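Peer 1: My questions all concern the structure below.
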Amino acid sequence: MLYQLHELNRSLLNPLAHWAEATSRLFNNPVSPLAYSPYAQRIAAGYELIYRLGKQYEKPTFGIEFVLVKGKAVVIIEEEAEKKPFCTLIHFKKKLPPKEFAALKQPAVLLVAPLSGHHASLLRDTVRSLLQDHDVYITDWLDARMVPQTEGPFHLHDYVYYIQDFIRKLGPDLHVISVCQPTVPVLAAISLMASEHDTKLPKTMTMMGGPIDPRKSPTQVNNLAVEKPHAWFENQVIYSVPASYPGFGRKVYPGFLQHAGFIAMNPGRHAQSHWDFYMHLRKGDNESAEEHRKFYDEYNAVLDMPAEYYLETIKTVFQEHRLPLGTWKIEGKLVRPQDIKSVALFTIEGEKDDISGAGQTHAAQDLCFSIPKSDKQQFTVPQCGHYGIFSGRKWRDIIAPKIGEFIASHS
């Protein structure tokens with residue numbers, strides 16, 4: 001019922017949001033007489049703030065039109081490399097003649113995006129940096145409310161199998177990078193492939209800010225998962241998709257609840273950010289205001305997760321810690337990271353990460369004890385939060401070059 005009430009509330013707010021947007025433009029557009037009335041800039045700023053607080057945020061695009069490759073601007077074309085019911089594998093193809101592209105000898109990279117509330121476009125900055133020296137693919141997870149029930153359920157082990165399929169499609173000369181939540185299923189996928197002596201194992205796996213062992217330095221996110229019993233999550237946060245979507249009737253963890261959780265973690269910071277946005281508009285600081293718009297266009301765009309996948313992740317990863325304890329079985333097969341021997345490992349953490357605490361990602365180093373020490377690296381980024389691991393100045397100036405060196409040394 002909550003999902004239906006949310007949709008009703010959104011329908012009621014939409015006209016108000018569009019009215020506020022139109023009014024803001026009337027007091028801001030140079031061709032409008034109202035733009036020259038007293039306090040016009042303050043009025044326009046107030047109405048734009050109302051608009052952004054009440055509008056619906058659609059899935060953002062990657063919007064990467066070109067990248068610089070060895071000082072030359074190269075056009076980027078997004079192609080569907082493979083399409084599955086719950087995920088599309090996107091290839092950021094460089095528009096170059098085949099011989100010229102082959103001469104670049106750029107390693108193939110599979111960037112595994114999180115399925116944890118936000119869209120894969122949250123990794124836009126990650127993709128843009130990697131594209132300079134790599135041939136990049138990314139997992140673009142679908143909003144569960146857009147997937148008809150006829151496609152069946154999507155479990156945590158389905159996520160693992162999706163990753164294995166993509167690795168086999170792109171391998172064996174492949175490098176896998178996982179950001180946050182997918183570090184766990186990616187490690188499981190490669191572990192199972194190693195146990196089966198799969199010939200398509202990737203060359204490297206880079207794991208960034210993920211809950212490999214959430215018992216280490218538990219954060220607010222980890223504490224919530226263990227404080228509440230599994231039945232609480234099933235009864236309190238799982239709802240059916242309304243009739244207005246293709247996935248009508250599918251059980252999901254709605255994106256709007258996930259978004260509310262994000263805001264609740266730092267309500268003061270978000271309130272201050274919106275107040276600063278209003279003041280930037282009042283002062284005519286359009287550059288700062290645009291930075292706010294870009295961030296919240298991405299941050300406020302959320303998706304629904306399949307209920308079975310979400311509940312299994314809570315239980316397997318955060319409550320029972322099956323991966324670090326060595327008790328995780330996927331359809332009868334034990335997940336054994338110790339069977340990985342030929343895949344180089346790089347773990348990256350942010351010193352100030354409040355989502356995945358210190359040591360949670362580096363825990364993979366001990367689990368994968370069969371990998372030679374010469375093929376293992378770990379790095380903790382000083383004064384870096386969760387989002388700074390894969391986006392922003394520290395990502396571009398410090399982390400991306402280190403990943404590039406790591407991949408190059410194992411290509």
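Peer 1: Below 14 Å, Cα to Cα, which aspartates and glutamates can LYS95 reach? Residues fewer than 8 away in the same chain don't count.
Peer 2: GLU65, GLU78, GLU79, ASP135
Peer 1: Where in the chain are the DSSP H helices whose alpha-carbon span along the long axis reaches 27 Å or more and whose Kyte-Doolittle mean is at least -0.5?
Peer 2: Sorted by number, the helices that extend far enough and score high enough are 2-26.
Peer 1: List the lysines whose Cα sits under 21 Å from the Cα of LYS83, skipping any in the same chain fewer than 8 residues away.
Peer 2: Leaving aside lysines fewer than 8 places away in the same chain, those within reach of LYS83 are LYS59, LYS93, LYS94, LYS169, LYS200.
Peer 1: Given contacts defined as C-alpha pairs under 8 Å and at least six residues apart, what's the relative contact order of the chain, whole-number percent?
Peer 2: 18 percent
Peer 1: To the nearest µm²/s, what D does Stokes-Einstein give for the chain at 25 °C and 0.890 mPa s, using the Kirkwood radius over alpha carbon pairs as Rh?
Peer 2: 108 µm²/s
Peer 1: By the scheme Lys and Arg +1, Asp and Glu -1, what is the net charge of all other residues having a beta-carbon under 15 Å from that of PHE369?
Peer 2: Surrounding charge for PHE369 is 0.
Peer 1: What do the square roots of 5 times the Cα gyration tensor eigenvalues come to for the stretch 287-411, in whole Å, largest first, as semi-axes of the equivalent ellipsoid?
Peer 2: In descending order the semi-axes read 29, 24, 13 Å.
Peer 1: Okay, moving on. Relative to the Cα centre, what is the charge dipole magnitude of the chain, using +1 at the beta carbon of each Lys and Arg, -1 at the beta carbon of each Asp and Glu, and rounding to the nearest 20 debye?
Peer 2: So the dipole magnitude of the chain works out to roughly 440 debye.
Peer 1: Where Lys and Arg each count +1 and Asp and Glu each count -1, what net charge lies around GLN383 among other residues with Cβ under 9 Å from its Cβ?
Peer 2: +1
Peer 1: Here is a follow-up. I'd like to know which of LEU2, ALA289, THR61 lies farthest towards the positive end of the charge dipole of the chain, counting +1 on Cβ of Lys and Arg and -1 on Cβ of Asp and Glu.
Peer 2: Looking along the dipole axis, the top candidate is ALA289.
Peer 1: If you don't mind, another one. What does the net charge come to around LYS333 if you take all other residues with beta carbon closer than 12 Å to its beta carbon, with K and R at +1 and D and E at -1?
Peer 2: Taking every Cβ under 12 Å from that of LYS333, the sum is -1.
Peer 1: Non-local amide H neighbours of VAL109 (under 5 Å, H modeled in plane, Pro and chain starts lacking H): which ones?
Peer 2: ASP135, VAL136, TYR137, HIS175
Peer 1: In deg cm²/dmol and to the nearest 500, what is the mean residue ellipticity at 222 nm of the chain if only DSSP H runs of at least 4 residues count, each as -39500 (n - 2.57), divided by the residue total?
Peer 2: One gets -12000 deg cm²/dmol as the mean residue ellipticity at 222 nm.
Bear in mind that the values in this text are calculations on the coordinates, not laboratory data. All values reported here derive from a predicted model rather than from experimental measurement. Don't worry about glycine lacking a Cβ; one is built from the backbone with ideal geometry, like all the others, and counts go over all protein chains shown.
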